[in-house]
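Please read the structure below before turning to the comments.
The values are calculated or read from the model by the stated rules, or taken from the named source; none is laboratory data. Model, not experiment: these values are computed from the prediction. Cβ: placed from backbone, ideal geometry, glycine included. Neighbour counts: every protein chain shown. Only protein heavy atoms, including side chains, enter the accessible area calculation; ligands, DNA and RNA are left aside. Shrake-Rupley method; radii C 1.70, N 1.55, O 1.52, S 1.80 Å.
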Amino acid sequence: MTKLHDDKVRLLLVDDEEGFRMAIARRLEKRGFVPVQASTGEECLEILGRDPVDVVVLDVKMPGISGIDTLKIIKQEYVKTQVILLTGNVAVSDGIEGIKLGAFDYLTKPIEIDHLANKIKQAFEMIRLEEEKQKELEYREKLEKKMIDTERLASIGTMSTGIAHEINNPLAIINESAGFMKYILSTPEMLKCPRRDALMMGIEKIENSIKRASKITQQLLTHVKKPELQFSEVNLKALLYETFGLLKREIKDKQININWEIDPKKNMIWSDPYQLRQVLMNLLNNAIHALSENGSITLSTRETNEDIILEIKDNGIGIPKENLGKIFDPFFTTKSFDEGTGLGLFVVHKIISNLNSKIDVTSTVGEGTSFYIKLPKTNELNR
Ligand SMILES: Nc1ncnc2c1ncn2[C@@H]1O[C@H](COP(=O)(O)OP(=O)(O)O)[C@@H](O)[C@H]1O
Ligand SMILES: [Mg+2]
């Protein structure tokens, strides 16, 4: 991709009349441009093949490959390069044909040098605008890629909530019974019971497992049910800082670097701050878990007219391709029994869709993971 320097236009001036070309180049130099020169279409293409050029000022009438043919090739091979044609004053039709073929504009000889300088600036500005448009498009495509099968997840959600509910009752009974057995084992008459310690240990294992199972059913029941959303004006930047405050210890323990790349605009959205904080907590917890010591997390926001796009990026272990489609599923986890339930991202996804937002992820094993969240700035339905 051609990277634009803000102030320096990479300019190529192509004309077979050396005297004319030199004169124009000198006068453009006085206006701050540094044009590279070529005397034929062939030479022009050769230079383009070597180095990227932003704007080509191209004479139409040249021996060898003509200006128009050169233009055709440029537009085919160097899509971002803008071309300004120079035509003789009797050959206006060349100029018009050139525009049809994608030239930025044409000027007729004799050239007014300030006019040419202005055109070059405009063409350069055009490249910048197109680049911006392209970036925006890429962002949007990334976000809209249908990696997450929303409907399937929704139905799994409903089902898991039902199951969680059903499991809670027997779980309570098991818990009570375990407690009762423990009580019996600790009465004086049982003190001499053979293998009492082993029985006690068994009961404790049961109790620990009940705790884990309850954690899971609770997570399912509290977050999967459609919560009462409480919309208000939210300063996303402040919310991010606040959430980081809650994770200070984990961040310090692992000596994680945090990079802030927050859009200087207002960062205000209309949303539910509690739900959003839950999302951030879950994503940041995962990022922290994926990092080794001295890893980093980069937080960036980008504000467009309608949305704020938040990116949470870590340079941790990454997610293998075959897992990318599953991470939002309930109970999908690669973590050990004590570390993960596999419900964090499921809850995140649920909340994100309740907030009319979108989430997407890209990841490379060994390099890291980025979660993108697109949050609408206003939400008329919920006002
Ligand atoms: N930032 C991340 N880097 C690497 N893997 C991740 C990241 N976030 C999520 N994952 C993967 O997605 C799985 C599911 O995440 P989650 O739903 O939060 O459940 P849990 O954290 O309990 O495992 C994780 O076990 C992990 O394999
Ligand atoms: Mg998690």
**OP:** Per DSSP H run of n ≥ 4, the term is -39500 (n - 2.57); total these for the chain, divide by its residue number, and report the mean residue ellipticity at 222 nm rounded to 500 deg cm²/dmol.
**Re:** -16500 deg cm²/dmol
Original post:
Given a Förster radius of 41 Å and the C-beta distance between residue 201 and residue 232 as r, what FRET efficiency does 1/(1 + (r/R0)^6) yield to the nearest 0.05?
Top reply: 0.25
Subject >> D_trans [Stokes-Einstein, Kirkwood Rh over alpha-carbon pairs] for the chain, 4 °C, 1.567 mPa s, µm² s⁻¹ >> reply: 50 µm²/s
Original post:
Nearest-5 percent of antiparallel DSSP beta bridges in the stretch 227-382?
Top reply: 85 percent
Subject >> Per-residue ³J(HN,Hα) for the stretch 45-52, Karplus 6.51 cos²θ - 1.76 cosθ + 1.60, θ = phi - 60°, Hz, x for Gly and Pro >> reply: 5, 5, 5, 4, x, 7, 10, x
Original post:
Going 7 Å from the Cα of residue 255 toward and past its Cβ, which residues in the stretch 287-318 have a backbone nitrogen under 19 Å from where you end up?
Top reply: 288-298, 315-317
Original post:
For the stretch 185-305, what is the percent of antiparallel DSSP beta bridges, rounded to the nearest 5?
Top reply: 45 percent
**OP:** For the chain, find the longest principal axis of its Cα atoms and tell me its angle to the long axis of helix 150-185, 0 to 90°, nearest 10.
**Re:** 30 degrees
Original post:
Among bridges DSSP assigns within the chain, what percent are antiparallel (round to 5)?
Top reply: 55 percent
Original post:
With the chain treated as a Gaussian network of Cα nodes joined by springs under 10 Å, which of 264, 194, 35 yields the largest mean-square fluctuation?
Top reply: 194
Original post:
Can you give the FRET efficiency for residue 115 and residue 265, using 1/(1 + (r/R0)^6), R0 = 30 Å, r = Cβ-Cβ distance, to the nearest 0.05?
Top reply: 0.25
**OP:** For the stretch 227-382, just say rounded, prolate or oblate: build the C-alpha gyration tensor, square-root its eigenvalues into a ≥ b ≥ c, call rounded for a/c under 1.5, and beyond that prolate if a/b exceeds b/c, oblate if not.
**Re:** prolate
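State, as an integer percentage, the relative contact order of the stretch 227-382 based on alpha-carbon contacts under 8 Å between residues 6 or more apart.
Answer for the stretch 227-382 is 25 percent.
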Original post:
Leaving out ligands, DNA and RNA, what percent of the accessible area of the chain is carbon and sulfur, probe 1.4 Å?
Top reply: 53 percent
Original post:
Under a 1.4 Å probe, what is the accessible area of the chain per residue, stated in Å²?
Top reply: 56 Å²
Original post:
From the square roots a ≥ b ≥ c of the eigenvalues of the alpha-carbon gyration tensor of the stretch 156-290, which class results: rounded (a/c under 1.5), prolate (a/b over b/c), or oblate?
Top reply: prolate
Subject >> Charge dipole (debye, nearest 20) of the chain; +1 at Cβ of Lys and Arg, -1 at Cβ of Asp and Glu >> reply: 1420 debye
Original post:
Rounded to the nearest 0.05, what FRET efficiency do residue 75 and residue 214 have when you use their Cβ-Cβ distance and R0 = 51 Å?
Top reply: 0.20
**OP:** Would you look at the GNM of the chain, springs on alpha carbons closer than 10 Å, and say which of 354, 118, 282 moves the most?
**Re:** 118
Subject >> Net charge over other residues, Cβ less than 13 angstrom from the Cβ of residue 254 (K, R count +1; D, E count -1) >> reply: -1
Subject >> Relative contact order of the chain, defined on C-alpha pairs under 8 angstrom at six or more residues apart (%) >> reply: 11 percent
**OP:** Please determine, in degrees from 0 to 90 and to the nearest 10, the orientation of helix 236-246 with respect to the longest principal axis defined by the Cα atoms of the chain, where the helix direction is its Cα long axis.
**Re:** 40 degrees
**OP:** In a Gaussian network model over the chain where Cα atoms closer than 10 Å are linked, find which of 295, 64, 95 has the largest mean-square fluctuation.
**Re:** 64
